[in-house]
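Each remark here refers to the structure printed beneath this line.
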Amino acid sequence: MSDAESLDGMSTVEVRTSATAALIPTIRAVASDLAARADFDLDAISDLRMAVDEACATLVDAADPTSQLQCRFLVRPERIRVHAEVQSAKPDTVLSTDTFGWRVLQTLADEVEVLHEPASPGRPATVGIRLDKTAGDVPR
Amino acid sequence: MPEVTPLSDAAADPFGTPLPIDTTVSRPRPGAILLEVDGEIDTLTAARLATGLDAVLDAGSAEDRAVVVDLSGVTFLASSGLAVLIHGARRVTERGARLHVVAATRAVSRPITVTGADTLFDTHADRDSALAAAVAPPVAPRALLHPPRE
């Protein structure tokens, strides 16, 4: 399933901000730039920009106020995987996926997944979203 | 850690980009009310779109039944903004009309089509065709009863 584990032909870009909605425009601009450089078509660039915005906005809502928002882009020639993560506001924070925004995110990305990581010694609980987007329209 | 005040325009704008949105209301034709929007509509700014659209719909009387939202100056549209448009479209539909949206750029048209929101309101490539469609009589028999204005 996860051939993205192999590192061949992949560049990694990581953006880290305070977990505040005010800085999401910067992250979505990076997403847009990376998609354009990876030869995504114009619709796919628009979709990735919107998907990253949606994922980040969802996570900022669930984040501890002092948390950072960490957004990692794994860029391949025709595919980008995005992994965004924040420290949860509460240890049992669960992202709600029955929202309009989540349905939009599912429509925009080829694959999307929520990742909850419970607290462990020396590490607070985190909540994340992983999404995959290919360069052009894939048959559905 | 830098101090960030979420609702301050200056804080939302760390690199000098004009992120806040502007909304302008006008009445370019008899019977039509136009809301022009500029900027990026996201989770921070969608509330301003909602305020602008609600004001237009609240002001919309019988003679302002044609509502056009011109998004030509919008460079980003998130689901939070789409939700505002969909809510506005429902309000307009309740009074027996359609919401007309100018979606001239991909930044706006792509989010609208990919989410299927274009089934809930009518989209147009430019303002003139949106205004023309908005003030057009809804059905042909009614057009015979109420001829077009001179």
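Values as computed for the structure displayed
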| read-out | value |
| --- | --- |
| Selection from segment A:118-139 of residues that are in a loop (DSSP other than H, G, I, E, B) and free of Cβ contacts under 8 Å to residues at least 40 places away in the same chain | A:Pro118, A:Ala119, A:Pro121, A:Gly122, A:Ala125, A:Val138, A:Pro139 |
| Top-ranked residue of segment B:95-104 - restricted to ones that are among the aliphatic types (A, V, I, L, M) and in a loop (DSSP other than H, G, I, E, B), ranked as surrounded by the fewest Cβ atoms within 10 Å (Cβ to Cβ) | B:Ala97 |
| Residue within segment A:110-129 that is among the basic types (Lys, Arg), touching a Leu at 6+ places or on another chain (Cβ under 8 Å) and closer than 23 Å to A:Val15 by Cα present | no |
| Qualifying positions in segment B:105-138 - away from chain A (no Cβ under 14 Å) and not in a helix (DSSP H, G or I) | B:Phe121, B:Asp122, B:Thr123, B:His124, B:Ala125, B:Asp126, B:Ala136, B:Pro137, B:Pro138 |
| Members of segment B:60-94 found to be within 14 Å of another protein chain (Cβ to nearest Cβ), under 12 Å from B:Ile41 (Cα atoms) and surrounded by fewer than 20 Cβ atoms within 10 Å (Cβ to Cβ), listed by number | B:Thr75, B:Ala83 |
| Checklist (1) within 14 Å of another protein chain (Cβ to nearest Cβ); (2) touching a residue at least 40 places away in the same chain (Cβ under 8 Å) applied to B:Ala97, failing item | (1) |
| Condition check for B:Ser80: modelled with pLDDT under 95 and either polar (S, T, N, Q) or farther than 15 Å from B:Val37 by Cα (or both) | no |
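This table checks each residue for (1) modelled with pLDDT of 95 or more; (2) assigned to a helix (DSSP H, G or I).
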site: B:Met1; (1), (2): no, no
site: B:Ala12; (1), (2): no, no
site: B:Phe15; (1), (2): no, no
site: B:Ser72; (1), (2): yes, no
site: B:Val92; (1), (2): no, yes
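The values are calculated or read from the model by the stated rules, or taken from the named source; none is laboratory data. Remember, predicted model here, so these are calculated numbers, not experimental data. With ideal geometry, Cβ positions are generated from the backbone for all residues, glycine too; neighbour counts draw on all protein chains shown.
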